[in-house]
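Contents: one structure, followed by commentary.
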Amino acid sequence: MSSARELFSLPAGPADLCFDKNEFMKKTFSVDEFLHENRNAGSLEIIRDDLGVYLKVLRSAMIELINQDYADFVNLSANLIGLDQQISGIGSPLEKLRDEIMAVKEALEGTMRDISDCLEQKKSLRGHKKSLQSLGKVQGALVKLENLLKPGEGVNPTLLERAALESIQLQFNIKFCREFLNDEQQRHSEQMKHSLLDQLKTYFLRTLEQKNVDGLERCLRIYCTLDECRTAEEVFKGEIVSPYMSRVVSESSLQNSPQGLTGIYNQILDFVSLHMKNLLTLTKKNGKVKGYNFIVNSFWTEVERRMETNMSSIFAPGNPEAFYQKYKCTLEFLERIEQIIEDPTEIVAFKAHSQYKSFQVRWNLPVYFQIRFQEIGSNLEKACSRDLEATKFAEQQISASQFNLVQFSIALTCISNCWQEGIYLPQLFHRFFKLTLQLLSRTTTWVDSAIAFNFPASTDSQTPSLKLKLLATLFSDISNLSKKIPQIVTLVLEKAPVSLALTPPQLDEAFFDNRSTLTTKLNRLQTLIVQELVQASIPHIKQVSDIPRLYRKTNRDVPSRCCQYMELLVQPSREFRERYHGMVGGDERLKEFLANVFTFLTLK
């Protein structure tokens, strides 16, 4: 709206108008809104009259505006006469100028193409010149190498160093003239390279045999100069490591070793101290020569290959006890290799090596666990599959301080076996932990079948109910098992790998379902015990209805003691308290039992 006002402003009207003239310039002007805003300024007649007055003002202003520009309107048509001829006169020079510019552009483009072609030719000539120079240098380097590597003159480390430098120059120059080399020159170049590596190999093995540290350092530097560090590692593996390991790592060596696999591992590690001491000193992180990893690329790769091919029997999990000992022994062997490596970065590289992973996979830990699972789980399953022997259970003495039913004691033994030395492996922590939870779950599931067990009816009224005895025994054993769970949590926490960073609250949460199930079983057993006691007492409560009959229309004395039926009524509860006081959780829990019994009897 402000820009519109700058271009055009409405003429001023009389001062007594009932509206603001600027409202007509709004972009959102609305008649309804205009009338609504000015409804208080006067009646519609006044607004109409004021609008009529202002309309006359606008008409007068429009006439004045037309009169001001009238002369320009009249002269406009006269000024346009001959304008098309003037435009045509300007167009011809412009077209000529355009044609001249296009001609200059084409000339420049042609010149640029010629210059570009010349530059490409010059570049090609420069490349050919460099190739020819490199070709001459290659020929000279081949002659020098042939003189430096003459056979029959022995191995001279100084000449080897010079030959290494010449070989580098040779390979550098070959990159620029490879297409100009004939087959003979290429073959000659390869021969010189092989000859240099052969003499360097001879010198390398000699320094190792003579334990010449300075010579060994010099030789390793030459290999490094040639960028042949892997070649040196392969030479050491093939000429030194392989013959030694072929004698040590074999089934016959394993059978004849007094210490078994431990003795084999000791012999393997002896190789490091006997043949690799100087190499490791020179090539470790703080050593004088960089770029080598003889432990992983020479020693470990050969050892692992020999063990997989020549001593594969150690991986068999059929005998779990032997497998456990071999695997633990192997873990110690790998830890000793890591101690030799020392550098954390190289240890990570060692564990990431493909043959390290392959070696770990060969130890079939899942099969080992499956065998242990069957051993441990079958013991509990056999116990849970057996029915209770009524006669034996009736004669059994029960105690609150220990497990009375064999199923619970076997379950706890099986759980302990999961984490026992000689069975548990940290690499199988999650599997043994799951098995622990399964053993607890199987035990609580067996409780349901034990509760449903039916004893033969007893003919002796003085013999305590075997059913009640079983329920009390189950209650006691489940309570004892619940008390053992914190000890199980502590045991699991001690055996957990440090890398898992487990905390007691996390393990408590994992055992939450087992705790809840045991609590549910205890509550159910409490209800069943109360029902048994009530059933034993109900036959005597019927005598209450005989009291009015006994004392109606008689002169009997007022009773000074309770009726005999009362003693019979509370006798089951009294016997339960005397026999199973310690097995149901002490005085407080016993009061809860008896309160439930007497509450039910009172309601009857």
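Within the stretch 24-50, restricting attention to residues that are closer than 23 Å to residue 65 by Cβ and surrounded by 14 or more Cβ atoms within 10 Å (Cβ to Cβ), the residue that is nearest to the chain's Cα centre (by Cα) is 25. Among 493, 502, which is over 30 Å from residue 577 (Cβ atoms), modelled with pLDDT under 85, assigned by TED's automatic domain parsing to the domain that holds residue 418 and surrounded by 11 or more Cβ atoms within 10 Å (Cβ to Cβ)? Just one listed residue meets the conditions, 502.
Here is a yes/no grid of residues against (1) hydrophobic (A, V, I, L, M, F, W, C); (2) under 28 Å from residue 280 (Cα atoms); (3) at pLDDT 95 or above:
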residue: 319; (1), (2), (3): no, no, no
residue: 338; (1), (2), (3): no, yes, no
residue: 343; (1), (2), (3): no, yes, no
residue: 350; (1), (2), (3): yes, yes, no
residue: 355; (1), (2), (3): no, yes, no
residue: 358; (1), (2), (3): no, yes, no
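Which residues, taken from the stretch 379-437, are part of a helix (DSSP H, G or I), at pLDDT 90 or above, among the charged types (D, E, K, R) and out of contact with any helix residue (DSSP H, G or I) (no Cβ under 8 Å at 6 or more places or on another chain)? The answer is 382, 434. Could you tell me which of the residues 214, 227, 198 is surrounded by fewer than 19 Cβ atoms within 10 Å (Cβ to Cβ) and assigned to a loop (DSSP other than H, G, I, E, B)? Of the residues listed, the single one that is surrounded by fewer than 19 Cβ atoms within 10 Å (Cβ to Cβ) and assigned to a loop (DSSP other than H, G, I, E, B) is 227.
Within the stretch 339-348, does at least one residue satisfy the condition of being hydroxyl-bearing (Ser, Thr, Tyr) and under 33 Å from the mean Cα position of the chain (by Cα)? Yes, because at least one residue in the stretch 339-348 is hydroxyl-bearing (Ser, Thr, Tyr) and under 33 Å from the mean Cα position of the chain (by Cα). Pull up the stretch 439-476, narrow it to residues that are exposed (fewer than 15 other Cβ atoms within 10 Å of the Cβ) and at pLDDT 90 or above, then point me to the one that is nearest to residue 393 (Cα to Cα). By that ranking, first place goes to 445. Against the conditions (1) farther than 19 Å from residue 351 by Cα; (2) not in a helix (DSSP H, G or I), residue 291 satisfies every one except (1). Of everything in the stretch 411-421 that is free of Cβ contacts under 8 Å to residues at least 40 places away in the same chain and surrounded by fewer than 20 Cβ atoms within 10 Å (Cβ to Cβ), the residue that is nearest to residue 385 (Cα to Cα) is 413.
Restricting attention to the stretch 303-321, the residues that are part of a helix (DSSP H, G or I) and among the small types (Gly, Ala, Ser) total 2.
Can residue 170 be described as assigned to a helix (DSSP H, G or I), under 21 Å from residue 218 (Cα atoms), modelled with pLDDT of 70 or more and under 50 Å from the mean Cα position of the chain (by Cα)? Steps first, answer last, please.
Values: assigned to a helix (DSSP H, G or I): yes; under 21 Å from residue 218 (Cα atoms): no; modelled with pLDDT of 70 or more: yes; under 50 Å from the mean Cα position of the chain (by Cα): yes.
It is false that residue 170 is assigned to a helix (DSSP H, G or I), under 21 Å from residue 218 (Cα atoms), modelled with pLDDT of 70 or more and under 50 Å from the mean Cα position of the chain (by Cα).
Within the option set 260, 238, being exposed (fewer than 15 other Cβ atoms within 10 Å of the Cβ) and of a type outside the set (D, E, K, R) holds for one residue only, 238. Across the stretch 576-594, a minimum of one residue is classified as farther than 24 Å from residue 444 by Cβ, modelled with pLDDT of 75 or more and either touching a Gly at 6+ places or on another chain (Cβ under 7 Å) or exposed (fewer than 13 other Cβ atoms within 10 Å of the Cβ) (or both). Quick check, is residue 71 surrounded by fewer than 10 Cβ atoms within 10 Å (Cβ to Cβ), assigned to a helix (DSSP H, G or I), without any contact (Cβ under 8 Å) to a residue 40 or more places away in the chain and of a type in the set (Gly, Ala, Ser)? Answer is yes for this residue.
The values are calculated or read from the model by the stated rules, or taken from the named source; none is laboratory data. What you see is a predicted model; the values in this text were computed from it and never measured. As a convention, Cβ positions derive from the backbone with ideal geometry for all residues, glycine included, and neighbour counts pool all protein chains shown.
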